[in-house]
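The values are calculated or read from the model by the stated rules, or taken from the named source; none is laboratory data. Note that the structure is a prediction, hence the values are computed from the model and not measured. Reconstructed Cβ throughout: ideal geometry from the backbone, glycine too, with neighbour counts over all protein chains shown.
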């Protein structure tokens, strides 16, 4: 058993004033009486709306930490900031989209798989039996399906079907190993949506174990406009796959890092 006492929920956010309040309320309602303590880390990536103000207001009633980028740096850099902050302050890390399309009701099941030692990364997958997709535009479904076929063919990762999903749970120790392997400043190098694929392939390269759970993707609850740029995203998918296709797992890396060792190496 892997003791999980504290979790951190990383929410990269860019102009999410319409959806962030509803997501924070759902997190508070769902996770307040669990067997673990939680903290929400909102990474405001240079928003021009009330995103930062909303996070600060929420912090008066629930455990929310706000980290701000003065300028917009992209999802990848927001994810890097959030993952690094979370990996050094929690036993497990959850990443979710800030647009209210992911339901925190799935978090306990994801944490239980990490706690049991079943996997070091758990993905809420659209391709598991029992999953439901509501309100996702057809072009995004085609993009996701194409990504799945390409990844399973070129860079197969045992037990993984959904390579681009943003709703994941990580054992903090595997994130620490990733920081050691790639460096704190190169934990995430892709700036856009493809960063989720990059993170997964880097975890594959260091020998992480994975599992998936089914979930319901509620894209119909999203109030804000999509920020996905499909053709740019496709080009970056191909570039990242080409970069990591020959990189096989290297389990010789240490299984865990103490905070002292991690700080020294980083």
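Side notes on the structure shown:
- Residues (surrounded by 19 or more Cβ atoms within 10 Å (Cβ to Cβ) and assigned to a helix (DSSP H, G or I)) located in the range 186-200: 195, 196, 197, 198, 199, 200
- Count - residues of the range 209-229 that are in contact with a helix residue (DSSP H, G or I) (Cβ under 6 Å, 6 or more places away or on another chain) and modelled with pLDDT under 80: 0
- Filter pass, residue 132 being over 30 Å from residue 53 (Cβ atoms), in contact (Cβ under 8 Å) with a residue 40 or more places away in the chain and either over 15 Å from the mean Cα position of the chain (by Cα) or surrounded by fewer than 21 Cβ atoms within 10 Å (Cβ to Cβ) (or both): yes
- Considering the range 159-185, the residues that are in a loop (DSSP other than H, G, I, E, B) and either closer than 20 Å to residue 77 by Cβ or out of contact with any helix residue (DSSP H, G or I) (no Cβ under 9 Å at 6 or more places or on another chain) (or both) include one that is modelled with the lowest pLDDT, namely 164.
- Boolean, residue 160 is touching a residue at least 12 places away in the same chain (Cβ under 8 Å), within 30 Å of residue 50 (Cα to Cα) and surrounded by 15 or more Cβ atoms within 10 Å (Cβ to Cβ): no
- Here 45, 91, 97 are screened, and the one residue that is under 29 Å from residue 133 (Cβ atoms) and surrounded by fewer than 24 Cβ atoms within 10 Å (Cβ to Cβ) is 97.
- Condition check for residue 151: surrounded by 13 or more Cβ atoms within 10 Å (Cβ to Cβ) and either modelled with pLDDT under 95 or over 27 Å from residue 5 (Cα atoms) (or both): yes
- Those helices (runs of 4 or more DSSP H) of the range 1-118 in which at least 1 residues are closer than 21 Å to residue 202 by Cβ, at pLDDT 95 or above and touching a helix residue (DSSP H, G or I) at 6+ places or on another chain (Cβ under 6 Å), considering only elements entirely within it, cover 75-87.
- Some residue of the range 231-248 being at pLDDT 75 or above, touching a helix residue (DSSP H, G or I) at 6+ places or on another chain (Cβ under 9 Å) and assigned to a loop (DSSP other than H, G, I, E, B): yes
- Test for residue 37: is it farther than 22 Å from residue 81 by Cβ and touching a residue at least 12 places away in the same chain (Cβ under 8 Å): no
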